[in-house]
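Working notes for the structure below.
The values are calculated or read from the model by the stated rules, or taken from the named source; none is laboratory data. Values in this document were obtained by computation on a predicted structure and should not be read as measured data. Don't worry about glycine lacking a Cβ; one is built from the backbone with ideal geometry, like all the others, and counts go over all protein chains shown.
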Amino acid sequence: YVILLHLPDGRSAEDVRDALVTTVQTLPSHLARSLTWDQGSEMAAHLSFTVATDVPVYFCDPASPWQRGSNENTNGLLRQYFPKGTDLSAHTREHLAEVAAELNGRPRKTLGWQTPAERLHKLLAT
């Protein structure tokens, strides 16, 4: 399930942390068990994120994209909307929500051709 963060004030570690804290707090606690990230410096504030949310952050090994397969696939899908080098600050929160809704309505082989939205709905109903 794709949730895109709007970062109108920049991509500093603090900006990313604050946006993640706000977003994670909207999820049911049983769906926010951990966060897996690459080695990007935007997660330098990961300890304060974990303190604020009780969600541990795990970091993948450098140059090991297979450790985040679903994320890498999603990044490829996002490139259809935002080619590499796109200035994401030019996009509104509403536009990001529209893109996320399109991706969440797209059937995925890994989900038995269900959409991420359908799968999330099932998880929330149980």
Please name all residue pairs, on different chains or six or more residues apart, with Cβ atoms under 6 Å, provided the first residue is in the range 109-126 and is in contact (Cβ under 8 Å) with a residue 40 or more places away in the chain and the second residue is in a loop (DSSP other than H, G, I, E, B) and not acidic (Asp, Glu). Pro116/Tyr1; Ala117/Gly105; Leu120/Tyr1
If you take the residues in the range 1-41 that are surrounded by fewer than 16 Cβ atoms within 10 Å (Cβ to Cβ) and among the small types (Gly, Ala, Ser), which one is modelled with the lowest pLDDT? Gly40
Determine which single condition Thr36 fails, assuming it passes every other condition in (1) part of a helix (DSSP H, G or I); (2) among the polar types (S, T, N, Q); (3) under 14 Å from the mean Cα position of the chain (by Cα). (1)
Looking only at the range 105-116, and only at residues there that are closer than 18 Å to Tyr81 by Cβ and among the charged types (D, E, K, R), the one that is surrounded by the fewest Cβ atoms within 10 Å (Cβ to Cβ): Arg106
